[in-house]
Ligand SMILES: [Fe+2]
């Protein structure tokens, strides 16, 4: 099976999320690579376990970010994560019992990752950036004409503090 290629639609712009997403894609590619190996079942179990644990860690980071920034669609997004973990667990159980439909499994992982990152995760980062921009827009700005507290009506000749010549 050809490797799953990263494309720019999956770049969220958040360094932590992008790094973790790329690690998930690397793990998925490891699964695809192993699928061609003769003793694949044992190896796939190891990689699936790594992927399962890493996905949970990544979801925790993402869910912490959503909580920190007050993301309004957080509950629905968390439900998507839970559904993925359940499905991944069911497929891993199928693998353990020796009746994993590998093509179905690989297709599910690739489709879910790409759609979830490019649609759902990108929405979190966009929303976070919009909030940051609104905060910046609301911050009083100094237009640079004068330093705070400087009275530019003073010509220096009225007995104020001046530098010696
Ligand atoms: Fe997510």
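The values are calculated or read from the model by the stated rules, or taken from the named source; none is laboratory data. The structure presented is a predicted model; accordingly, all values stated were derived computationally and were not measured. Here the Cβ is made from the backbone with ideal geometry for all residues, glycine too, and neighbour counts use every protein chain on show.
None of 26, 93 is exposed (fewer than 14 other Cβ atoms within 10 Å of the Cβ) and either away from the ligand (no atom under 16 Å from the Cβ) or in contact (Cβ under 8 Å) with a residue 60 or more places away in the chain (or both) except 93. Set side by side, the residues 109, 80, 113 differ, and just one is surrounded by 12 or more Cβ atoms within 10 Å (Cβ to Cβ), at pLDDT below 90 and not in a loop (DSSP other than H, G, I, E, B), which is 109.
The residue list 41, 73 contains one member that is surrounded by fewer than 17 Cβ atoms within 10 Å (Cβ to Cβ) and over 25 Å from residue 124 (Cα atoms), which is 41. Only one of the numbered conditions (1) modelled with pLDDT of 95 or more; (2) under 15 Å from residue 24 (Cα atoms) is violated by residue 74, and that is (2).
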